[in-house]
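Below is one structure, written out as structure tokens; the observations come after it.
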Amino acid sequence: MRFTKMHGLGNDFVYVNCLEEKIENPAELAQIVGDRHRGIGADGLILICPSQIADVRMRIFNADGSEAQMCGNGTRCVAKYVYEHRLAKAQGPFSVPDCPACSASLNIEIAKGVLTVGLIIDSEDKVQKVCVNMGQPVLAAEDIPVKLPLKKVIEQPMQFQSRAFVMTCVSMGNPHAVFFRDDLATVELERIGPVIENHSIFPQRINVHFVQVDKPTEFTMRTWERGSGITLACGTGACACCVAAVLTGRAKRVCTAHLPGGDLDLNWCEEDNCVYMTGPAVEVFEGFFEWPQK
């Protein structure tokens, strides 16, 4: 099996071009290649597949084998791969107010629809950054889903492990719980992350984010991703944190998220209610992996 290792701000995945390769058990493969000691090492596996409604379709599998609906960092890397490997012909410019100008665009199918992505291309015809229309945030508790008797979960007092928290929940195609703190260094993420992720009020589990607002246009975040644990970056999570910060009066709609792996520029656009995320995508290396499929 030929694969490509790529990352978006350190959120790394093994990518397989399924226009050429056949993968029969991606859940099992994700666990094998994701192992950082016995495999390739990654937060998960992303398959680039044919699509009837877009340029390509992406499928995302976490390191534990569970399939995810959406991955912002992964989407940027898929866009870079598709453009630079000429899997589809790029379309015209992609322009959004308060976002960087993109000279070309692609459409990528995910589990819940089609995402439009803009490409920032350098003089050597390489993709340096990608702007992704992440769609409109979902705030209805039953649609996120969160099993609480509330229409929306905004600044909701909660208790986990007998400790008090205040929680805001947002879906960006996958579910997120956001907690604002004054000092991220005091958060024991490796302990509280899995407790919140697997709590019974989250029927599909949840991504957990702790956020420190530095000023109205910047915030710093740490993430526990469902199915992967602590990661260096989470694109959908950064978008969810932006929405939560705006809803609670902590930040402006155009802001920058500082993640352990680097920065993402975010814009919750008033014109169409969509969240736009701009950040880098990096190809690390290519290789062959021998995997005896049954």
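Some values worked out for this structure:
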{"read-out": "The chain, relative contact order [Cα under 8 Å, separation at least 6], %", "value": "20"}
{"read-out": "Alpha-carbon centroid distance for the pair segment 38-113 / segment 193-242, whole angstrom", "value": "21"}
{"read-out": "Kirkwood Rh and Cα Rg combined as Rg/Rh, segment 1-131", "value": "0.97"}
{"read-out": "Debye, to nearest 20: dipole size of the chain, +1 on Lys, Arg Cβ, -1 on Asp, Glu Cβ", "value": "460"}
{"read-out": "DSSP beta bridges in the chain [antiparallel fraction, %, rounded to 5]", "value": "80"}
{"read-out": "Candidate lysines - alpha carbon under 26 Å from Lys112, same-chain residues fewer than 8 apart omitted", "value": "Lys5, Lys22, Lys80, Lys89, Lys129, Lys147, Lys151, Lys152"}
{"read-out": "Ranked by how many other beta carbons lie within 10 Å on average, peptides 235-245, 203-213 from highest", "value": "235-245, 203-213"}
{"read-out": "Normalised contact order of segment 20-77, rounded percent, pairs of Cα under 8 Å and 6 or more residues apart", "value": "29"}
{"read-out": "Cα gyration tensor of segment 138-294 - equivalent ellipsoid semi-axes, whole Å, descending", "value": "25, 21, 16"}
{"read-out": "Segment 1-127 - share of DSSP beta bridges that are antiparallel (%, nearest 5)", "value": "75"}
{"read-out": "Accessible carbon and sulfur surface of the chain relative to its total accessible area, %, 1.4 Å", "value": "47"}
{"read-out": "Projected-area average for segment 75-217 over all orientations - Cα convex hull basis, square nanometres", "value": "11.1"}
{"read-out": "Per principal axis, descending, Cα span of the chain in whole Å", "value": "50, 45, 33"}
{"read-out": "Solvent-accessible area per residue, Å², over the chain with all protein chains present [probe radius 1.4 Å]", "value": "43"}
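The values are calculated or read from the model by the stated rules, or taken from the named source; none is laboratory data. These figures come from a predicted structure and were not determined experimentally. In this analysis, Cβ positions are derived from the backbone assuming ideal geometry, glycine residues included, and neighbour counts consider all displayed protein chains. Each accessible area value is taken on the protein alone, full model and side chains, heavy atoms only, with ligands, DNA and RNA left out. Shrake-Rupley method; radii C 1.70, N 1.55, O 1.52, S 1.80 Å.
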